[in-house]
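A.B. asks: Pasting a structure below so you can have a look.
The values are calculated or read from the model by the stated rules, or taken from the named source; none is laboratory data. Only a predicted model underlies this, so the values are computations on that prediction, with no experimental measurement involved. Every residue, glycine as well, gets a Cβ built from its backbone with ideal geometry; the counts of neighbours run over all protein chains shown. Surface areas here come from the heavy atoms of the whole protein model, side chains and all, with no ligands, DNA or RNA. Shrake-Rupley method; radii C 1.70, N 1.55, O 1.52, S 1.80 Å.
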Amino acid sequence: MPTPLPPAGGWVVDFADNSCLVFRDYRAEQGKVTFGLRLIPNAPFAEAMLIMPEDGSAVSGMVTVSMNTVPDVASSYQSGTTSDGRRLIRFDVTPQQVKAMAIARDIGFSRGGKRIAMAGLGMGKAMAAASTCQDDLLRSWGADPAVEAKISWRPAIVTPEKDASVSDYPMAALREGAEGDTLFRLNLDRTGRITDCKIVASAGNSDLDTRACTLMRERGSLPAARLADGSAAPTVIVARFAWRLPG
């Protein structure tokens, strides 16, 4: 791991509309580097973000995350350009990785032969604030955080590969060549019936977003969530449709 960059300030927790953001700036010779997490209640993943000076690297590829608390993990990433001309790199991390980050001493990232590390994460207080943020979000979604914390099993949503057939693809989006990821949440009652579907993060195309919830509502129900004693419970689950053009 390269010499870790020193922090340029404390952790910031942003209570956003549909997610909780935790981020911190670091000092680097080439300019400011920002590392952050986007946390969403009950989602099977969180989004990690690196914002750094433009370095001419590939728009997409693989990034390897290194910490002193867990083995290295490689994930695919996508990137874009921020309004101030920096490179924004985004990739998924598991809940287990998030827990490891909260107690890690340092964290390193490697992609395309380029390596960077951050020192002294010390995320404990920030993650506690982010937990409060996620409880607030659950309440705003009509869920009880106390009940959600006791659920031992939730149904997994298996979303079909969108490049397998044109049958589910909205025709307007197909004509426009639109692609993107729709992140959505489902409210389930204690029988597993879908009572609501809302968009958490847009694919960038309203037809894709609307179709994602339409497809989920057509399913009608899923297996009910379960508490540790086996009894059914209402819950909220979060999943993603990855819309990709056929062929």
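A.B. asks: Tell me which of these A58 doesn't satisfy, since it passes every other one: (1) open to solvent by 50 Å² or more (accessible area, probe 1.4 Å); (2) of a type in the set (G, A, S); (3) in a strand (DSSP E or B); (4) in contact (Cβ under 8 Å) with a residue 24 or more places away in the chain.
C.D. replies: Failed condition: (3).
A.B. asks: If I ask for residues that are more than 15 Å from L183 (Cα to Cα) and in contact with a helix residue (DSSP H, G or I) (Cβ under 7 Å, 6 or more places away or on another chain), which ones from region 6-57 would you list?
C.D. replies: Of everything in region 6-57, those that are more than 15 Å from L183 (Cα to Cα) and in contact with a helix residue (DSSP H, G or I) (Cβ under 7 Å, 6 or more places away or on another chain) turn out to be W11, V13, F15, V22, L37.
A.B. asks: Hey, another quick one. Using the structure shown, decide if V73 is β-branched (V, I, T), exposed (fewer than 13 other Cβ atoms within 10 Å of the Cβ) and at pLDDT below 95.
C.D. replies: no
A.B. asks: Pairs needed: first member in region 73-86, farther than 17 Å from G31 by Cα; second member anywhere, modelled with pLDDT under 90 and assigned to a loop (DSSP other than H, G, I, E, B); C-beta distance under 6 Å; at least 6 residues apart or different chains.
C.D. replies: From residues that are farther than 17 Å from G31 by Cα, the pairs are S79/V59.
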